[in-house]
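Taken together, the values in this text are just the output of simple stated rules run on the coordinates, not laboratory data. As the structure is a prediction and not an experimental result, all values here were calculated from the model. In this analysis, Cβ positions are derived from the backbone assuming ideal geometry, glycine residues included, and neighbour counts consider all displayed protein chains.
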Amino acid sequence: MKYRCILSVLLFSTFLLEAQNVYQKIKLSKAINTRQNEYHPVPNKDGSLLYFVGMDRTSQFGTKIDFTKTRNYGGEDIWVSERINGIYTDAIPLKDLNDNNHQAVTAFYNNSLLVYGIYEEAYKVDASGTGAGLYNGDIFFYHLDNKQLEHLGQPVNDIFFESDAFISDDGQVLLFVTDKEPIEGGYHQKAWAYNESFWGNTDIWLSEKIDDYWSQPINLGVSINTAFSERTPCLSEDKQRLYFSSNGHGGYGEHDVFMSKRLDDNSWTSWSTPINMGSGINGEFNDWGFKLYDNELKAVLASESKLPYKVNSQLSGNGGVREHNLRNGYRVEGKQSGSFDYNCRTDIYYVDMVNSSPVLVIEDMLFDFDKYSIRAENYHLIDRLVEIIKDNKQYSKISIIGHTDNVGTQNYNLELSKKRAKSIYNMLLKKGVNSENLKFDGKGESFPLFDNNWDNNRHKNRRVEIIFN
């Protein structure tokens, strides 16, 4: 599929619409990304929490599991990281939700998570070819306040594979992905080899909330769905823009992220020709799981990158074994077969939706009030910032810019902002960041993010910005 997509760009580039804005992405630190695979990033509304799926993260950050004594974790588990002073901290697993099967988080709504997974509440399907009824993937709400799992039931869930659910801000529209009744290309079940992937022919569907029930789902139509795989829908707050990934619309690699505009407020099947989000977001392999947050000023997504070594993966039918050094002896149920070169790893990235040069904001709590020395308890956050800089070598120049509120004189605030920027600059040098890649400056109170009319706004204006060029 990768080569088909690249060929389509070369031959039909005039038909590939790209976003006018130049979006760029930054790989997040090792608090999120490890040597394993991380994907399905799901921020809460302001991004202070980031939920995601970790594949086989059983030895990360003191959570090593002895599988001879416990079965609390499977291959895919849900993790969460808290953002402190603008930096995400070491992720921890959601122990009450994870089990020895596969779970994935896909959306956050009203202190609940939308997840899909294989639980006993899911509908059974004869997926093995042996006559045995197996649990298929279904969509659930997981309520964080009481830790209860709620199966969405029919008509959203059925015997097919449902996943990648997303719910609108008002809770009235549910988008999800399923391999049932594709609008083009015929039925190709998810997890069976098709089009050089295991995502089959999946389409994006929609259901609306009517009283306490979900309506009969509808397919979003041929403008969105193709004969290949559409995944991970994300709807803007005003319900006018749909972001999703597809390997059927052409592009830079396999799954690319696209955006389409809704053309009729009274229809969910009338959409503009999807626009590719550009080479700053999409690459040679799979890019997916795009999610907006913080008033749609920021986004996250999962992207594959090539490993520095080659791994051969084998899939054989009837309970065969897929073997490579990232997933040792992972058993595959059913009639799946194929042979692929597994040479990618998936990581989670941040996208600045406003600035063409991405900006990370370090919040004021890194320092004491009216001081410029970094608090000792925040040194570990600088370690995470160092990881981000070193893991994003495509940016050769990093600017550290200090800002203050308007309390005090302009000259005093200008000097304080420079000293705070220099403190971070000096700490980065001590941690091994090349001085040729760094510069620092202070802007004082000249560029507030918000009006300095009350304490909370002034707090947000006291910051240091890390700008990647």
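Of note:
- Here r is the Cβ-Cβ distance between Glu82 and Ile159 and R0 is 45 Å; the resulting FRET efficiency, rounded to 0.05, is 0.75.
- Cβ crowding within 10 Å ranks Ile139, Ile210, Ile167, Ile92 as Ile210, Ile92, Ile167, Ile139, fewest other Cβ atoms first.
- FRET E, pair Lys306, Lys422, Förster distance 41 Å, beta-carbon r, rounded to 0.05: 0.65
- Of the trypsin sites (Lys or Arg not before Pro) found in the range 226-267, none is in coil by DSSP with at most 13 other Cβ atoms within 10 Å of its Cβ.
- For the residue pairs Lys25/Lys418; Lys291/Lys443; Lys45/Lys291; Lys147/Lys460, the C-alpha atoms sit more than 22 angstrom apart in Lys25/Lys418; Lys291/Lys443; Lys147/Lys460.
- Straightening the chain between Asp96 and Glu208 buys 37.4 nm, computed as 0.36 nm per residue apart minus the Cα-Cα spacing.
- In terms of surrounding Cβ atoms within a 10 Å radius of their Cβ, Leu242, Leu149 rank from fewest to most as Leu149, Leu242.
- Förster-model FRET efficiency, 41 Å R0, Asn457 and Val222, C-beta, rounded to 0.05: 0.30
- In the range 355-388, the trypsin sites (Lys or Arg not before Pro) that fall in loop regions by DSSP, at most 16 other Cβ within 10 Å: Lys371, Arg375
- Residue order for His380, His102, fewest other beta carbons within 10 angstrom first, comes to His380, His102.
- Taken over the range 367-469, the ratio of Cα radius of gyration to 2.2 N^0.38 Å equals 1.08.
- Here the simple spin-label model places points 7 Å from the Cα toward Cβ, and for Asp391 and Ser356 these points are separated by 2.7 nm.
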